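Only the coordinates and a few stated rules stand behind these numbers; no lab work does. Worth saying up front: this structure is predicted, and the values here are computed from it rather than measured. For neighbour counting, all protein chains shown are included, and Cβ atoms are generated from backbone atoms with ideal geometry for every residue, glycine included.
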Amino acid sequence: MNPKILILLLALFITACSNNEDGVVTRNINADRIPDNVEVADAFPSITAAKAQDMIDKNKNLVILDVRTPGEFHAGHIRGAQLLDVTQDSMFMEGIKTMDKSKSYLVYCRSGQRSRKACSLMQDQGIQDVYNLDEGYLGWPQPE
């Protein structure tokens, strides 16, 4: 084998196997491929139903946003909630653009997963005061 090719292959092998200095591996992650059982840190608070009820009672500037489908919304929702279906991507993004960035938003879905996505999208568009209802509508006390 040609010695120049051998040296080049050896250099490529050493470079490929080297460790970066700080030991941190940086990768772009596709959030849609993260399994459901993996916890991802959120940049917004997830709050309990009791804390959410307290916020509703005390903050008249709070907007309650239901991000479920229209069928789920009509089957039952938190009083005063506005519907904006997060599964309708373009409609949801258009809805975000019309939101008042000075208000606080309590966001919920059925179990808390879609609302986490909605909160993240809202923050990406400059709406910073968002709260995810942990456990979603399933965790909300139902009238007896």
How would ARG110, ARG116, ARG68 line up from fewest to most surrounding beta-carbon atoms within 10 angstrom? ARG110, ARG116, ARG68
Region 46-139 - convex hull of the alpha-carbon atoms, volume per residue in Å³: 83 Å³
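Which order do VAL130, VAL67 fall in if you start with the one that has the fewest other Cβ atoms within 10 Å?
Numbers: VAL130 24, VAL67 29.
Fewest to most other Cβ atoms nearby, the residues stand as VAL130, VAL67.
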Given Cα pairs under 8 Å that are at least 6 residues apart, what percent is the relative contact order of region 46-139? 33 percent
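Counting Lys and Arg as +1 and Asp and Glu as -1, each charge on the Cβ, what is the dipole of region 77-144 about the Cα centre in debye, to the nearest 20? Working shown, then result.
Values: 8 positive and 9 negative charges, 10 e Å.
Once rounded to the nearest 20, the dipole reads 60 debye.
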Between LYS60 and GLN113, the two model label points (7 Å from Cα along the beta-carbon direction) sit apart by a distance in nm of 3.9 nm
